[in-house]
1. With contacts defined as alpha carbon pairs under 8 Å and 6 or more residues apart, what's the relative contact order of segment 67-206 in percent?
2. Under 1.5 on a/c is rounded, so check that first for segment 89-147, then, if it is not, pick prolate when a/b is larger than b/c and oblate when it is not; a ≥ b ≥ c are the square roots of the alpha carbon gyration tensor eigenvalues.
3. Which of the listed residues, I247, L221, I136, is farthest toward the dipole's positive end in segment 127-267, when Lys, Arg count +1 and Asp, Glu count -1 at the beta-carbon?
4. Order of 239-248, 210-219, 61-70, 165-174 by packing, highest average Cβ count within 10 Å first?
5. Determine, for segment 39-197, the count of lysine pairs separated by eight or more sequence positions (or lying on different chains) whose alpha-carbon distance falls under 16 Å.
6. Between segment 59-102 and segment 193-248, how many Å separate their Cα centres?
7. In debye, nearest 20, what is the charge dipole magnitude of segment 126-179 about its Cα centre with +1 on Lys and Arg Cβ and -1 on Asp and Glu Cβ, if you could check?
8. Where a ≥ b ≥ c are the square roots of the eigenvalues of the C-alpha gyration tensor, would you call segment 171-230 rounded, which needs a/c under 1.5, or, failing that, prolate if a/b is larger than b/c, or oblate?
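Values in this text are rule-based calculations from the coordinates and carry no lab data. Source: prediction; values computed, not measured. With ideal geometry, Cβ positions are generated from the backbone for all residues, glycine too; neighbour counts draw on all protein chains shown.
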Amino acid sequence: MAPHITPRRPERDRKLRGPLMLRSEQQQETTYDQRLLESLGHMDHDWKHADPWRVMRIQSEFVAGFDALSEMPKAVTVFGSARLGEGTPEYELAREVGKALTEAGYAVITGGGPGLMEGPNRGAHEAGGISVGLGIELPHEQGLNDWVDLGLNFRYFFARKTMFLKYSQAFISLPGGFGTMDEVFEVLCMVQTGKVTNFPIVLMGTEFWSGLVTWLREQLLGRGLISPGDDELFIVTDSVEEAIEHIVSAHRVMTDERLTGRESIADSIVE
């Protein structure tokens with residue numbers, strides 16, 4: 001008698017809802033960010049009951065992130081498009097970046113998705129390094145890529161951004177869309193305003209970034225909308241070697257400055 005073979009269940013759409021995975025009719029059309037930020041004005045009374053409890057959920061995301069990443073060694077976050085996948089020059093560049101960062105002694109953090117987030121994770125994993133992915137709940141679920149060794153899924157963008165900023169000592173951005181631009185300008189703003197330490201920021205791909213850099217200098221700097229020197233908070237390069245050297249050199253200077261500062265404090269105490 002032939003063995004009974006159970007037909008394979010057809011693949012269904014799935015959605016990650018924080019730590020939960022939902023399929024089929026269990027999926028909801030809105031995200032946690034959307035429900036937090038949307039309001040129907042005077043007709044929306046649910047916020048009185050729901051919003052206070054959302055604070056607990058938001059707190060849990062910060063606690064989970066801090067707990068998972070608390071022992072993270074020095075790390076570099078790499079931003080980039082989810083739409084430029086394997087087989088594109090940008091993906092291979094991203095993979096090379098992940099490998100080079102690992103060889104320089106850095107853990108690699110990305111948004112955990114496909115494309116130019118997957119590339120650095122893959123390069124780090126293949127080089128035997130620490131490959132971290134900080135995913136986000138989206139209406140079109142993308143999930144964490146297969147090269148992430150330590151992964152977290154966030155419901156709220158602002159909690160996820162905090163983890164990028166808190167646990168990274170430098171940022172590299174590859175080409176990308178609105179999400180990538182949002183992340184790049186968030187980092188630039190935090191450095192410009194002194195909310196975080198002035199860490200290295202590298203934009204990879206001169207052809208892609210040159211138009212934006214020209215606009216920044218002509219329109220923002222030229223019209224006095226940013227201060228002199230703000231256009232030098234980052235470098236633009238096509239060279240992975242130059243990007244890594246810029247990061248390593250900056251960290252060397254920062255370390256020397258800290259040591260000098262400690263020596264000055266010690267001398268003043270002795271005196």
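1. On the way: 291 pairs, mean separation 35.3, N = 140.
Relative CO of segment 67-206 lands at 25 percent.
2. prolate
3. I136
4. On the way: 239-248: 17.2, 210-219: 12.2, 61-70: 14.9, 165-174: 22.2.
Packing proxy ranking, top to bottom: 165-174, 239-248, 61-70, 210-219.
5. Values: K74/K99; K74/K166; K161/K195; K166/K195.
Counting lysine pairs in segment 39-197 gives 4.
6. With segment 59-102 and segment 193-248 each reduced to a Cα centre, they are spaced 20 Å.
7. On the way: 4 positive and 5 negative charges, 73 e Å.
Dipole of segment 126-179, to the nearest 20 debye: 360 debye.
8. Details: a/c = 1.80, a/b = 1.07, b/c = 1.68.
Here segment 171-230 falls in the oblate category.
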